[in-house]
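Trainee: Structure provided below as structure tokens; questions to follow.
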Amino acid sequence: MSRHLQHDLDEAYHNLLFLSGMVEEMIDQAVVALCERRRELADEVIAKDAEIDRKEVRIEEECLKMLALHQPVAADLRKVTTMMKVNNDLERMADLACNIAERAHSLSPTPEFPIPQKINQMVQLTTGMVRQGLDAFVNLDLDLAYRVISQDDLVDGLNVQVIDEITKLMEGNPSWVTPGLHCFSAARHLERIADHATNIAEDVVYMVNGVIVRHRRDWPRPTSKPSGE
């Protein structure tokens, strides 16, 4: 690897880590705003979206510049392409955090509506997946990456249970149809955040071992790195 490529990789990587910290904070704030009906905190989350978009574009431009100028191969190429994909997943997570914050706004006028307990479980599991997925990326931790992938089905299952519970609430009290729909949307956004955390974990596997595990559940775990590095 040339000195110039290493410098550009380090700079883009640093910017990506900074972005990941911002997005993780947005998700945490959005779910607190939802569960505690805090409109002002929801506003803070939504206000950060434009900055996230700017940083996401800058990182993508840095990665495209590396591909054009340095033409990296093997492990270096996998690192650049993985950074681009993680960058996109982080931006989508930020959008979903804003969506949750908007649902928090919509739920605030009906504090009597009972948010299902299963949503709290979804929050804990999803935010944990986000942290673990980013830790796996930072530390190139395959075991942690596979752990994140294995948790995706758990979030999906909780989402189904939340839908069932909200449906029963709306059937029992027609005045709760509107807040119920907002709550349903928030749960769906949480489930999508978990999907993006899973994407990051899958990309970590690819970056480390060159193995694409997307859409697979047999998850081959090669111990040796592919040739050409």
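Trainee: Using helices alone, I'd like the mean residue ellipticity at 222 nm for the chain: each DSSP H run of four-plus residues gives -39500 (n - 2.57), total over residue count, nearest 500. Working shown, then result.
Mentor: Working: 7 runs with 186 residues, N = 229.
Helix-only estimate at 222 nm: -29000 deg cm²/dmol.
Trainee: Oh, and also: Tell me, how many Å apart are the Cα centres for the range 15-71 and for the range 76-145?
Mentor: The two parts, judged by their Cα centres, are 11 Å apart.
Trainee: Hey, in the GNM for the chain with a 10 angstrom Cα cutoff, which one of 30, 74, 101 fluctuates hardest?
Mentor: Taking springs between Cα atoms under 10 Å, the residue moving most is 74.
Trainee: Here's a follow-up. For the chain, just run the numbers: alpha carbon Rg, then divide by 2.2 N^0.38 Å, N being how many residues it has.
Mentor: 1.12
Trainee: Apply 1/(1 + (r/R0)^6) to the Cβ-Cβ distance of residue 139 and residue 43, taking R0 = 35 Å, and write down the FRET efficiency to the nearest 0.05.
Mentor: Computed FRET efficiency for residue 139 and residue 43 comes out at 0.55.
Trainee: Quick one: of 85/118; 55/79; 65/85; 55/85, which pairs are farther than 22 Å apart, Cα to Cα? List each step's numbers first, then the result.
Mentor: Details: 85/118 30 Å; 55/79 19 Å; 65/85 15 Å; 55/85 14 Å.
Distance filter (> 22 Å) returns 85/118.
Trainee: Now for a separate question. At a 10 angstrom cut-off on C-beta neighbours, averaged per residue, how do the peptides 128-138, 161-171 rank from highest to lowest?
Mentor: Top of the packing list down: 128-138, 161-171.
Trainee: Which of these, 89, 53, 143, has the largest mean-square fluctuation under a Gaussian network model of the chain (Cα springs below 10 Å)?
Mentor: It is 143.
Trainee: Give, as ranges by residue number, the residues of the range 126-140 whose backbone N falls under 18 Å from the point 7 Å along Cα→Cβ of residue 17.
Mentor: 131-140
Trainee: Against the longest alpha carbon principal axis of the chain, how many degrees, from 0 to 90 and to the nearest 10, is the axis of helix 177-209 turned?
Mentor: 20 degrees
Bear in mind these aren't lab numbers, they're just calculated from the coordinates by the rules spelled out. Keep in mind it's a predicted model, so treat the numbers as computed, not measured. When we count neighbours, we look across all protein chains shown, and the Cβ atoms used for this are built from the backbone with ideal geometry, even at glycine.
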